[in-house]
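Enquirer: Here's a structure for you.
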């Protein structure tokens, strides 16, 4: 049957995946679960009137919004909290426990707060491309998106000391994103999928490309976006339940989990306290591999052929 909508390379729908034959993954040191902490650093790259966007950011930290024709100073300041205070609280927290994380990095955000890029580099965290700005790629032409990927790679390499080897778009990719990443040639993986608990490969114009899926289920964005976490304890309990269930499955079939954080949300003190408790819990389990996404990607690329079913 002819598709009703053009299907671009790497965007074919797959409802089967691994099915009942889930790989018997072997993570380092026999871990039952690979856990990826992800800090989304977007502050300063969001939509705003000052940068000529003609609109205010729609995803703010304030329960109301002003008219569309004037600046929303309250929303702007909630993002400034993330870059002025929240990001440093989270980086200090991870530093105390020696945890290495992936930072979904918007290029302009780091350019406007270069000390964050230096901190990412000095701590050994991974900068993963999160756009030139925190924009919506499906609103761009193919050439506009290609050009922004190129600009973001050059910018992040300069501010963070290394080029991004992974990519994650705001909410979701365009139909061109995966093809553009493969054609760019420097990416080992993208995280533009919510479709599995394990990495998997897709074919893009004859090239095998690795996907490291992300998750909204354990994402702190749900403090504010369609709020479901009334308290930090609710977020903590949800994450802990997911970790425990996947660890149980991991006795025979180890899995992966992604926990998404934002400086302006998880960086608030009460929420950071829940994150600290979770970090201590995870590190105390003894069978969880806490890894950057680039480490998971490299492990999968090097070892996947040896995994049984």
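Enquirer: Would you check which residues across segment 83-101 are touching a residue at least 12 places away in the same chain (Cβ under 8 Å) and under 18 Å from residue 292 (Cβ atoms) and list them?
Expert: Passing the criteria: 87, 90, 91, 93, 94, 95, 97, 99, 100, 101.
Enquirer: Could you say whether any residue in segment 243-261 is without any contact (Cβ under 8 Å) to a residue 60 or more places away in the chain and touching a helix residue (DSSP H, G or I) at 6+ places or on another chain (Cβ under 6 Å)?
Expert: Checked against the condition, which is being without any contact (Cβ under 8 Å) to a residue 60 or more places away in the chain and touching a helix residue (DSSP H, G or I) at 6+ places or on another chain (Cβ under 6 Å), segment 243-261 yields no hits at all.
Enquirer: Could you list, in sequence order, all residues of segment 9-25 that are out of contact with any strand residue (DSSP E or B) (no Cβ under 9 Å at 6 or more places or on another chain) and within 27 Å of residue 104 (Cα to Cα)?
Expert: 13
Enquirer: Being touching a strand residue (DSSP E or B) at 6+ places or on another chain (Cβ under 6 Å) and either free of Cβ contacts under 8 Å to residues at least 24 places away in the same chain or outside any loop (DSSP other than H, G, I, E, B) (or both) is the filter; apply it to segment 26-35 and report the residue that is surrounded by the fewest Cβ atoms within 10 Å (Cβ to Cβ).
Expert: 28
Enquirer: Out of (1) touching a helix residue (DSSP H, G or I) at 6+ places or on another chain (Cβ under 7 Å); (2) in a loop (DSSP other than H, G, I, E, B), what's the single condition that is false for residue 100?
Expert: Single failed check for residue 100: (1).
Enquirer: Modelled with pLDDT of 95 or more, crowded, with 16+ Cβ neighbours inside 10 Å and either touching a strand residue (DSSP E or B) at 6+ places or on another chain (Cβ under 8 Å) or under 28 Å from residue 178 (Cα atoms) (or both): is that true of residue 112 in this structure?
Expert: Criteria not met by residue 112.
Enquirer: Let me ask another. Which of (1) surrounded by fewer than 20 Cβ atoms within 10 Å (Cβ to Cβ); (2) assigned to a helix (DSSP H, G or I); (3) modelled with pLDDT of 95 or more; (4) within 15 Å of the chain's Cα centre (by Cα) is the odd one out, the single condition residue 297 does not satisfy?
Expert: Going through the list (1) surrounded by fewer than 20 Cβ atoms within 10 Å (Cβ to Cβ); (2) assigned to a helix (DSSP H, G or I); (3) modelled with pLDDT of 95 or more; (4) within 15 Å of the chain's Cα centre (by Cα), residue 297 breaks only (1).
Enquirer: Still on this structure, please answer the following. Answer yes if at least one residue in segment 44-64 is buried (at least 18 other Cβ atoms within 10 Å of the Cβ) and in a helix (DSSP H, G or I), and no otherwise.
Expert: No; the residues of segment 44-64 include none that is buried (at least 18 other Cβ atoms within 10 Å of the Cβ) and in a helix (DSSP H, G or I).
Enquirer: Further question on the same structure: Do we find a residue being at pLDDT 95 or above, farther than 27 Å from residue 105 by Cβ and in contact with a strand residue (DSSP E or B) (Cβ under 7 Å, 6 or more places away or on another chain) anywhere in segment 254-277?
Expert: Yes; the residues of segment 254-277 include at least one that is at pLDDT 95 or above, farther than 27 Å from residue 105 by Cβ and in contact with a strand residue (DSSP E or B) (Cβ under 7 Å, 6 or more places away or on another chain).
Enquirer: Okay, moving on. Would you check which residues across segment 300-309 are part of a loop (DSSP other than H, G, I, E, B) and surrounded by 13 or more Cβ atoms within 10 Å (Cβ to Cβ) and list them? Can you show your working first?
Expert: Let us first name the residues in segment 300-309 that are part of a loop (DSSP other than H, G, I, E, B), namely 307, 309.
Within segment 300-309, 307 is the sole residue that qualifies.
Enquirer: Does segment 134-160 hold any residues that are within 19 Å of the chain's Cα centre (by Cα), part of a loop (DSSP other than H, G, I, E, B) and surrounded by fewer than 21 Cβ atoms within 10 Å (Cβ to Cβ), and which are they?
Expert: Those that are within 19 Å of the chain's Cα centre (by Cα), part of a loop (DSSP other than H, G, I, E, B) and surrounded by fewer than 21 Cβ atoms within 10 Å (Cβ to Cβ): 135, 136.
The values are calculated or read from the model by the stated rules, or taken from the named source; none is laboratory data. All of these numbers come straight from a predicted model, not from anything done at the bench. All Cβ positions, even for glycine, are placed from backbone atoms using ideal geometry, and neighbour counts span all protein chains on display.
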